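Some notes on the structure that comes next.
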Amino acid sequence: NPCAGLVSHLRASWLSGKTWPMEYHVAQLEALGHFLDDKKQQILETSDMLHPWCLQASFEDKLSEILLCKNKFHATLNNLSCWMKDEKVDRTLVRGKREDGRHSWVGWWCRVGPDVAGVPQAMQLDSAFICKDPYGVVLITEPWNYLIQLFLVPPLLLVSPNFQTSGLEDPSKGAFLISLQDCFAVVTGGVPETTRLLENKFDYIFFTGSPPVGRIVMTAAAKHLTPLTLELGGKNPCYVSDTCDVANVARRVAWGRFFNAGQTCIAPDYLLCTIEMQEKLLPVLRKAINDFCGPSPRESLDFGRIVGDKQFHWVQRLLGSGRVAIGGQTDEAERYIAPTVLAEVQPSDPIMQEEIFRPILPIAVLANMDEAIDFINSQERPLAVYAFSSDDKVVNQVLERTSSGGFCGNDTLMHVTLTSLPFGGIGNSGLGMHHGKFSFDTFSHHHGCLKRVMGWEPLNASRYPPYSQQKFGVTRATPKVTRKNDCTLL
């Protein structure tokens, strides 16, 4: 195995303990901050290699690759010391009867009955806590749509070495790796290289990609009983009710769908609405696209291109679904796909079978909200569900009656900007979560610990043979948790 030696080297670094202290982790995060500041132009130029026909560096890349990454980095620095502290937990208390006949919670000494008066609650002398341990050597696979954010953000909260795979070369990463050479390694390549890597034993795997490849990763992880997080995306539905501000809906949906030329895993994948709302939406969607990209999006400095030929070629089959109401122009030489809206799409059409991941927005017509919710629930569970309505009850109905990785009412994409919210899929859209403290928890083993005192051995007498009914009553009362207003009688 070509990477076995490198994995062993990283494991040795982890076992040395050098990456465990908080001071090391803070230094790593601060180095990342300097990296983002010092190499920002190089990072943006790297992104330009993926978007050679537009000035993506002017806004979208600064937002998605620099600003969001720095926000998560600062949130981590602000809270890391708190997250890493041992978490003290409750020890079982026995609810007893006071001498005046009333029930009360007492400290470590409790009167629980006339026959065993003064039985001490032994656990109150001990220390119980949760310790946050690093998992060990972690494998992170990086997709191609957000190179910097998805390269740097998952390792932000690692207190352990990690091993990263990347589908594309990126010269800006070298500077960051210099200070982490004993604890961080990168292998460039695609599915074959990742498959060989998965033959090694890792302590945790973080995979971002498609459901078919996610199944391969999960199968490989099962051979070593390796825990993992899967970010798989999916077809994110967007319901638009008949009661809404149509112009605002059009702008927010168009922005979310066509951001990064549609190559965003949480982009709204299709619209669900009535035929009346479709006719209202089409002209305002056309106006929103014109406002964003001008009358000729191909000449816009703010509209990107499809990242590769393989991703581009699938588009011809997609454009055969429904009716092209807006856009539809393509140029293979530039990998250009115009912002496109398809009307009157049928659930059986090819575009409704797989995640689109391109600047194409299909509209499927349904009679009402109940039909839209039934359709959403008949599909695989998505990474995000969106709902637009001026009636908060309608938004709440969609939220309460559907299941998804995340939810955003009356907007698109914005829920992912909050580090206070978990981000992750469910079912076909993924497994596990990250962002902020959720990332720290994902990459940490929560180690339940109890440290008991060596003395006070008479307190343990009731659990040792020979057994008796009286010993059972005392032993049962010691760890038992009762509901409030209940009393344990022995």
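The values are calculated or read from the model by the stated rules, or taken from the named source; none is laboratory data. Since we're looking at a predicted model, the values are computed, not measured. Methodologically, a virtual Cβ is constructed for each residue, glycine included, from the backbone with ideal geometry; neighbour enumeration extends over all protein chains shown. Ligands, DNA and RNA are excluded from the accessible area calculation, which covers all protein heavy atoms including side chains. Shrake-Rupley method; radii C 1.70, N 1.55, O 1.52, S 1.80 Å.
Values as computed for the structure displayed
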| quantity | calculated |
| --- | --- |
| Flag if Gly425 is within 30 Å of Val138 (Cβ to Cβ), under 12 Å from the mean Cα position of the chain (by Cα) and modelled with pLDDT of 90 or more | yes |
| Checklist (1) touching a residue at least 60 places away in the same chain (Cβ under 8 Å); (2) under 21 Å from the mean Cα position of the chain (by Cα) applied to Lys201, failing item | (2) |
| Some residue of the stretch 403-412 being in contact with a helix residue (DSSP H, G or I) (Cβ under 6 Å, 6 or more places away or on another chain), under 30 Å from Asn71 (Cα atoms), charged (D, E, K, R) and at pLDDT 95 or above | yes |
| In the stretch 337-376, the residues that are at positive phi and within 29 Å of the chain's Cα centre (by Cα) | Phe357 |
| Top-ranked residue of the stretch 396-410 - restricted to ones that are on the phi < 0 side of the Ramachandran plot and open to solvent by 40 Å² or more (accessible area, probe 1.4 Å), ranked as nearest to the chain's Cα centre (by Cα) | Phe407 |
| Odd one out for Leu282 among (1) open to solvent by 70 Å² or more (accessible area, probe 1.4 Å); (2) touching a residue at least 24 places away in the same chain (Cβ under 8 Å) | (1) |
| Pairs with Cβ under 9 Å, 6+ apart, first in the stretch 1-22 and under 14 Å from Leu198 (Cα atoms), second in a loop (DSSP other than H, G, I, E, B) and at pLDDT below 85 | Val7/Asn1 |
| Filtered residues of the stretch 434-447 (kept if within 13 Å of Pro227 (Cβ to Cβ) and either open to solvent by 30 Å² or more (accessible area, probe 1.4 Å) or part of a loop (DSSP other than H, G, I, E, B) (or both)) | Asp441, Phe443, His445, His446 |
| In the stretch 410-453, residue farthest from Thr219 (Cα to Cα) [restricted to those that are touching a residue at least 60 places away in the same chain (Cβ under 8 Å) and β-branched (Val, Ile, Thr)] | Val453 |
| All strands (runs of 3 or more DSSP E) inside the stretch 208-276 with 3 or more residues being open to solvent by less than 50 Å² (accessible area, probe 1.4 Å), closer than 23 Å to Asp349 by Cα and modelled with pLDDT of 95 or more | 237-240, 270-273 |
| Residues within the stretch 274-307 that are under 31 Å from the mean Cα position of the chain (by Cα) and under 14 Å from Asn260 (Cβ atoms), tallied | 8 |
| Flag if Thr19 is β-branched (Val, Ile, Thr), open to solvent by less than 40 Å² (accessible area, probe 1.4 Å) and either under 20 Å from His447 (Cβ atoms) or modelled with pLDDT of 85 or more (or both) | yes |
| Matching option when the condition is open to solvent by less than 10 Å² (accessible area, probe 1.4 Å) and either modelled with pLDDT of 80 or more or not assigned by the TED database to the domain that holds Pro297 (or both), among Leu6, Leu10 | Leu10 |
